[in-house]
1. So which residues in the stretch 345-370 are among the acidic types (Asp, Glu) and either at pLDDT 75 or above or under 24 Å from the mean Cα position of the chain (by Cα) (or both)?
2. So residue 257 passes all but one of these: (1) on the phi > 0 side of the Ramachandran plot; (2) touching a Phe, Trp or Tyr at 6+ places or on another chain (Cβ under 9 Å). Which condition number does it fail?
3. Going residue by residue through the stretch 108-129, is there one that turns out to be out of contact with any Lys or Arg (no Cβ under 9 Å at 6 or more places or on another chain) and under 15 Å from residue 324 (Cα atoms)?
4. Looking only at the stretch 449-465, filter to residues that are touching a residue at least 24 places away in the same chain (Cβ under 8 Å) and over 25 Å from the mean Cα position of the chain (by Cα); which one of those is surrounded by the fewest Cβ atoms within 10 Å (Cβ to Cβ)?
5. Say we look at the stretch 281-315 and pick out the residues that are at pLDDT below 90 and farther than 22 Å from residue 147 by Cα; which of these is farthest from the chain's Cα centre (by Cα)?
6. So which helices (runs of 4 or more DSSP H) stay within the stretch 64-169 end to end and still have 2 or more residues that are under 18 Å from the mean Cα position of the chain (by Cα)?
7. Of the residues 276, 250, 214, which single one is more than 30 Å from residue 336 (Cβ to Cβ) and out of contact with any Asp or Glu (no Cβ under 7 Å at 6 or more places or on another chain)?
8. Looking only at the stretch 354-384, which residues are under 20 Å from residue 106 (Cα atoms), crowded, with 20+ Cβ neighbours inside 10 Å and among the small types (Gly, Ala, Ser)?
Amino acid sequence: MAALDWIVLGAYFLVMVGIGLWSRKRIHTVADFFTARGRIPWWLSGISHHMSGYSAIMFVTFAAVAYDHGVTVYFWWPLTIGLGIGVGAFLFAARWNRLRAKHGVDSPLAYLAVRYDLPTQQVLAYSGAALKVVDIASKWVAIALLLKGFAGIPLGWGIALTGVCTMFYMAFGGLWADVLTDFGQFVIQGVAGFAMLFALFAHLDGVATLWTMWGDLPDGHGDPIAGPVTSGLIVAFLLVKTFEYNGGMWNLAQRYMAAPSGSRARKSALLSSFLWIVWPFILFVPMIAAPLVVPGIEDGEKSYILLAQELLPAGIIGLLLAGFFSHTMAMVASDSNVITAVITRDLAPVLVPRVRRLTEAGQLTFARITTVAFVTVSMSFAFFADPDGFIMTVVVSIVAATMGPISIPLMLGLLPWFRRHGPLAALVSWAGGLAVWACLYWGVEDASQTVNVGLPVLVSLVLYVAVGLVRPEGSAARDALIDSLADDPPEAEPGASERQAPEGPPASDGAARADTIPGPRSPRTPSSS
């Protein structure tokens, strides 16, 4: 890296710190910290939803798949996500928003105490939080590998640098800092992505490269199904990503909750779906064409680093690396914020009942301390992880394979068609899916990726539906909750949120509405007790 690259990278870190400090002025309550009280415009929510799905893993592990096997990486990853979000726009997005608007919910798991019961909520919360620790650790490793490749920074220092910066601006700025970082990431990624694409065109055959490169690439690089990717794996990923990216990955439910209304949350989902289908293909073109520029690489995870060093001038490499940082920090910040919400609103009040009695300022301080603690724990996992193969194992064999069993009771519980599916269906579905995953992961050495990813979510889905049909469970509170998510409240109509939202902290309206969902999730202030 040249001096100009370091200047660009340093400027990026200063901007991140500035975002955290600016966002702090907008954070008065835990509702501001976790959901911005529905003040985030739908287009910003949509961009944030889209960018929260990226991390440096794309430019390490997925770049390796593109280098080794070609365009198939687009079909099994971003295309399945884009289609899944498009489906979820009409099933889930508005319902997430109405949980906040009608019930004052700050955590995606808060409604589970009424929808099922407290034990079910706690089981899903603990298992999901444990999964996120490992998931985020893989992202720290990915950005550290990029730092080492570009700048020669040791892995430990790379993890520490990224983690401390993320910890700082998230603890100060909450969700506002997160979505603004996502927007900055969107701009940086656009500039760096087009710079890499145009540099590739200049190096090869100009714009004609888009259709001439396929004949020069190794055999099979133009095939949608190639290498380890099968049609079954693509279908399995489509099923998993539909649940994961519509709220099963809790931080993405927050994006819908933070929009001004349910109808606008649906628009943000459609925007995110469009971006997922179009933009990643532009990013993947240089990765797919990399064998023509830097041939003979044995370790495909280094391909994007070598491609950038070959094609990009000084300054742009720094911008590209800033983009990598932004990807990882935005995703980790997003995960950290929602995990903090779950711990603060769903877990801590059960373990330590006095948390319920914290003042509004005390709740906010507790949320910030939890953010720092969670990021620290995930960094500790990354420090001791073996980077060789760790990322792909986590992304596919652990996260993708276990996300379905954890998210199916959470997601299907929002829909009226499953209103008679109670705690038994949820727990059997969760336990059955994870048991199948454990047997495959530790007991079957030669199971394919299709089986590892698809079978746990399929078993979980079948068990949830079947148990609910065999043992239906009725509840007036459950029916009232589900029915309340069918349409927007009058005050959530377009424009109303902006007209009515006060600049200062609310008195007790959010807390009062939160009381419609009882349970440990919602610590009360003295004024609302």
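The values are calculated or read from the model by the stated rules, or taken from the named source; none is laboratory data. Just so it is clear, the structure is predicted and the values come from calculations on it, not from any experiment. Cβ: placed from backbone, ideal geometry, glycine included. Neighbour counts: every protein chain shown.
1. Residues of the stretch 345-370 among the acidic types (Asp, Glu): 346, 360.
Result: 346, single match.
2. Every condition holds for residue 257 apart from (1).
3. No, because not a single residue in the stretch 108-129 is out of contact with any Lys or Arg (no Cβ under 9 Å at 6 or more places or on another chain) and under 15 Å from residue 324 (Cα atoms).
4. Applying the filter and picking the extreme gives 465.
5. My answer is 296.
6. On the way: elements: 72-76, 78-91, 93-103, 112-115, 118-151.
Answer list for the stretch 64-169: 78-91, 93-103, 118-151.
7. Values: 276 fails: more than 30 Å from residue 336 (Cβ to Cβ); 250 fails: more than 30 Å from residue 336 (Cβ to Cβ).
Sole residue among the options that is more than 30 Å from residue 336 (Cβ to Cβ) and out of contact with any Asp or Glu (no Cβ under 7 Å at 6 or more places or on another chain): 214.
8. Matches in the stretch 354-384: 367 only.
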